[in-house]
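The values are calculated or read from the model by the stated rules, or taken from the named source; none is laboratory data. These numbers come from a predicted model, not from an experiment. Methodologically, a virtual Cβ is constructed for each residue, glycine included, from the backbone with ideal geometry; neighbour enumeration extends over all protein chains shown.
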Amino acid sequence: MAADAQFPPPKVLTYPASAPPSLITQGAEGRVYKTTHLLPDRPSALKYRPPKPYRHPILDARLTKARISSEAKVLERCWREGVPVPPVYAMDPAAGWMMMEWIEGIPVRVGINEWLGERPEDGEEPAEAAEEAPLIDLMKRIGTAVGALHRTGVVHGDLTTSNMMLRQRKEDQVNGGTGAESKAKAVAGDVVIIDFGLATQSMADEDRAVDLYVLERAFASTHPRAERLFATVLESYKHTFKKAPSVLIKLEDVRLRGRKRSMLG
Ligand SMILES: Nc1ncnc2c1ncn2[C@@H]1O[C@H](COP(=O)(O)OP(=O)(O)OP(=O)(O)O)[C@@H](O)[C@H]1O
C-alpha cells in the first residue's frame, strides 16, 4: 500500500504473521491497523502514532508515549468497571502503539444512516412509533453506554456516532429475514465506545454535560432527520447513575452558552 511505503508500520507489525495487517484509517495523529493478537483467529486493532517529523524528537517521543499510555489507562479502567469498550491486549507506549480487541461491526453512524436511508423523505409523516422501535432501542443503548462511562469518572472528550461501534451479535449474523427484520439489523448490536485519545478523568457535572453536548451537536449534524430521537438518549442516561439528573440540568446551561456563542458568531 502506498501509505505504508510512505510511513513504515511499527516494528510489531513486521513480524511474521498468518495474515498481513491492513491499514484501516490514517488520521492526522495516528493510524489504525487491523491485525491479530497471539492467535490467528483473534483479530485486533492496533492504534499507532508515528513519529512527527515536524516536532522536536525528544518532545515528540514524550508526547506520543504519554498519549498512548493515557488512552490505554482509560480503556483499562473502563473495561475493569464494565463500561463497553474494547479491552487492551498489549501496548508499547514508547514505540507509539496499543493493541485492543477488534470490534466486529459497523460504526453507529453508519447503522443509523442505513436505517434512515429507507425512511420516507423529509416532510412526510414520521414513522409509526412501533416501526421505529429498533432505532429507539439503539438510542436507549447509547444513553446507557455513555452513562456507564460517566459513572466510572471518565469523560470521553469527542463523543460522536463515529466513535461508537455496533458490535454484531451472533444471532444477527444470519442473512435473510423479512424487510423489517433486515432493516432492524442495521441498528442491532451492542454499543461499544472507542477512541479515547481525548478522554480525561472527571466527576464534574460540567465536564459530563459538555461531553453530552458534544454528542448532541454531533448527532444533530450527522443525523438531522433523527434529531428528535436524541431525547431518548438523554432519558436513558438519566437513569444510569445517581448524579445523572443533575448532569442533565447542567446540560441546559451548556446549551444556553453554546447558543449565545453561536449568536455572537
Ligand atoms: N477496536 C476497534 N475495532 C474495530 N475498529 C476500530 C477499533 N478502533 C478503531 N477502529 C476503527 O478505526 C477508526 C479510527 O479509530 P480511532 O477513532 O480510535 O482513531 P483516530 O481517530 O485516529 O484517533 P485519535 O482521534 O485519537 O487520533 C474508527 O473509526 C474505526 O473505524
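Restricting to helices (runs of 4 or more DSSP H) lying wholly in the stretch 149-265: which have 2 or more residues that are over 14 Å from M139 (Cα atoms) and touching a strand residue (DSSP E or B) at 6+ places or on another chain (Cβ under 7 Å)?
Answer list for the stretch 149-265: 205-222.
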Residue identified as touching a Leu at 6+ places or on another chain (Cβ under 9 Å), modelled with pLDDT of 95 or more and either at positive phi or not assigned by TED's automatic domain parsing to the domain that holds G82 (or both) among A199, A204: A199
Could you check T64 against (1) surrounded by fewer than 17 Cβ atoms within 10 Å (Cβ to Cβ); (2) within 30 Å of V146 (Cβ to Cβ) and say which number it fails? (1)
Inside the stretch 72-119, can you point out the residues that are in a loop (DSSP other than H, G, I, E, B) and either within 12 Å of the ligand (Cβ to nearest atom) or not assigned by TED's automatic domain parsing to the domain that holds G179 (or both)? E81, G82, V83, P84, V85, P86, P87, G96, W102, I103, E104
Give me the pairs, please: first residue somewhere in the stretch 160-184 and assigned by TED's automatic domain parsing to the domain that holds L138 and of a type in the set (K, R), second residue anywhere and at pLDDT below 95 and outside any loop (DSSP other than H, G, I, E, B), beta-carbon distance under 7 Å, and either six or more positions apart or on two chains. K183/W115
Take the conditions at negative phi, within 15 Å of the ligand (Cβ to nearest atom) and surrounded by 14 or more Cβ atoms within 10 Å (Cβ to Cβ) and apply them to T25. Does it pass? no
